[in-house]
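Student: There's a structure below that I have some questions on.
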Amino acid sequence: MTVPLRVVAWETTRRCHLACRHCRGVARDEHYEGELTTQEGKRLIDGIASFANPVLILTGGEPMARNDIYDLARYASDRGLHTVMAPCGHLITAGTARRLKESGIGHISISIDGATEEAHDSFRGVPGAFKGSLQGISFAREAGISFQINITVSRLNVIHLPAIVSLAQKLGASAVDFFFLVPTGRGSGLQGLALSPQEYEQTLNWIADVSENSPIPIRTTCAPHYSRIMLQRKNGMDTASGNHHSKPRACMGGRGFVFVSHRGIVQACGFLDIPCGNVREENFNLEGIYNNSPVFLKLRDIDSYHGKCGICEYRKVCGGCRARAYADTGDYTGSEPSCSYQPAPKENSIVE
């Protein structure tokens, strides 16, 4: 089954000066051997543009740690790709913000994981991270770059989510995106800090409530069962059912989304650590990998999923987090461990 490619996240570098407690790549502030060169990066961009027109997220690590990031961003923008960036914030100055804007970057995402300096810096592992993020946001705004706030949700900050959302609105964010912890990389040591299935359900319902009256869009990532919750609320005539700000999304891993590592390894997503190909070895033919990878094809065959995700009537709109299932059992087509929902008895019932 062919699924249009909608988003590519390219880990332009793994280098990062932060030491975030949840980092999937266990990134460090050092040089990493084997990263795609400038010319290889342009070949990757050419390969993407040759068959699709997705959003290209330049991420890391810290993408701004690459000296050629502006050249790469400009090249991608000139190829017609909607190019955005996910920096940490501390390297954004008045000068670098102008360079980002000139290179075609009109939108960035910056993470805020605590409503206070102490809380955010503790999670990010480096003193001054909070101040660096806020300063970077200020320079981005001055340069005319819109920004969204990403929040990694865990037991460390779940009670502070209202305050973080309020801060994001005060800062002038264009959107808020809640990222739900996936236990990979450094995050594998945070198993005890991940929300329980019941806490996930409560938090996702709270997000749905907040989205109803939010002046800016509210989104979720790595929480595909939010789609199921929104449908349930709609069917139950809940007042949140008609909200256009809320953006429920099924798991896109391998189904509209691909991740390309700093060394050119292709995965369904950054958290599902299963190599599905290597652009260097495939002459930068990302189209071939995306359309033919056995892992991608299996992910698209939702009816073949195991456990309750395989019989759930919401499997077409949710599908569960495949990375979380893999981390929990080693089976990326298994049940989503953070979901408390019990499927209806009729196994053939499918919500389209």
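The values are calculated or read from the model by the stated rules, or taken from the named source; none is laboratory data. Quantities reported herein were computed from a predicted structural model and do not represent experimental measurements. Here the Cβ is made from the backbone with ideal geometry for all residues, glycine too, and neighbour counts use every protein chain on show.
Student: Among what's in the stretch 250-276 and is crowded, with 17+ Cβ neighbours inside 10 Å and free of Cβ contacts under 8 Å to residues at least 40 places away in the same chain, pick the residue that is farthest from Tyr226 (Cα to Cα).
Tutor: Among those residues, the one meeting the criterion is Ile265.
Student: Name the pairs whose Cβ atoms lie under 6 Å apart, with the first residue in the stretch 25-39 and assigned to a loop (DSSP other than H, G, I, E, B), the second at pLDDT below 55 and among the basic types (Lys, Arg), and 6 or more positions between them or separate chains?
Tutor: If the second residue must be at pLDDT below 55 and among the basic types (Lys, Arg), the pairs left are Val26/Arg186.
Student: Now for a separate question. Does the stretch 139-150 include one or more residues that are acidic (Asp, Glu) and at pLDDT 95 or above?
Tutor: Within the stretch 139-150, one or more residues are acidic (Asp, Glu) and at pLDDT 95 or above.
Student: Looking for whichever is closer than 28 Å to Pro215 by Cα and either buried (at least 18 other Cβ atoms within 10 Å of the Cβ) or without any contact (Cβ under 8 Å) to a residue 40 or more places away in the chain (or both) here; the options are Gly128, Gly144, Gly132, Gly106. Which one fits?
Tutor: Gly132
Student: Report, by residue number, each residue of the stretch 277-309 that is of a type in the set (Gly, Ala, Ser) and touching a residue at least 24 places away in the same chain (Cβ under 8 Å).
Tutor: Ser293, Ser304, Gly307
Okay, residues lined up against (1) under 21 Å from the mean Cα position of the chain (by Cα); (2) farther than 24 Å from Phe178 by Cα; (3) of a type in the set (S, T, N, Q):
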| site | (1), (2), (3) |
| --- | --- |
| Ile265 | yes, yes, no |
| Pro294 | no, yes, no |
| Gly320 | yes, no, no |
| Ala323 | yes, no, no |
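Student: Evaluate the stretch 74-84: report whether one residue or more is surrounded by 24 or more Cβ atoms within 10 Å (Cβ to Cβ) and out of contact with any strand residue (DSSP E or B) (no Cβ under 6 Å at 6 or more places or on another chain).
Tutor: There is no residue in the stretch 74-84 that is surrounded by 24 or more Cβ atoms within 10 Å (Cβ to Cβ) and out of contact with any strand residue (DSSP E or B) (no Cβ under 6 Å at 6 or more places or on another chain).
Student: Scan the stretch 277-288 residue by residue and report those that are buried (at least 21 other Cβ atoms within 10 Å of the Cβ) and either in contact with a strand residue (DSSP E or B) (Cβ under 6 Å, 6 or more places away or on another chain) or modelled with pLDDT under 95 (or both).
Tutor: Listed by number, the list holds a single entry, Gly277.
Student: Hey, could you check the stretch 185-196 for residues that are surrounded by 15 or more Cβ atoms within 10 Å (Cβ to Cβ) and out of contact with any His (no Cβ under 9 Å at 6 or more places or on another chain) and say which is modelled with the lowest pLDDT?
Tutor: Ala194
Student: What are the pairs, 6+ residues apart or on separate chains, where a residue within the stretch 197-216 that is touching a residue at least 60 places away in the same chain (Cβ under 8 Å) has its Cβ under 9 Å from a residue that is assigned to a helix (DSSP H, G or I)?
Tutor: Close Cβ pairs (under 9 Å, with a partner that is assigned to a helix (DSSP H, G or I)) amount to Tyr200/His225; Glu201/His225; Glu201/Ile229.
Student: Still on this structure, please answer the following. Could you identify the single residue in Gly47, Gly61 that is in contact with a Cys (Cβ under 6 Å, 6 or more places away or on another chain) and not aromatic (Phe, Trp, Tyr)?
Tutor: Step by step, each of Gly47, Gly61 is checked, and only Gly61 is in contact with a Cys (Cβ under 6 Å, 6 or more places away or on another chain) and not aromatic (Phe, Trp, Tyr).
Student: Would you confirm whether any residue within the stretch 277-294 is of a type in the set (A, V, I, L, M, F, W, C) and within 27 Å of Leu231 (Cα to Cα)?
Tutor: Scanning the stretch 277-294, I find no residue that is of a type in the set (A, V, I, L, M, F, W, C) and within 27 Å of Leu231 (Cα to Cα), so the answer is no.
Per-residue answers, yes or no, for (1) at pLDDT below 90; (2) crowded, with 20+ Cβ neighbours inside 10 Å; (3) not aliphatic (A, V, I, L, M):
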residue	(1), (2), (3)
Asp303	no, no, yes
Gly319	no, yes, yes
Arg322	no, yes, yes
Glu347	yes, no, yes
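Student: I'm trying to understand the selection: among the residues of the stretch 165-182, which are out of contact with any helix residue (DSSP H, G or I) (no Cβ under 9 Å at 6 or more places or on another chain), under 23 Å from Cys321 (Cβ atoms) and hydrophobic (A, V, I, L, M, F, W, C)?
Tutor: Scanning the stretch 165-182 gives a single hit, Phe179.
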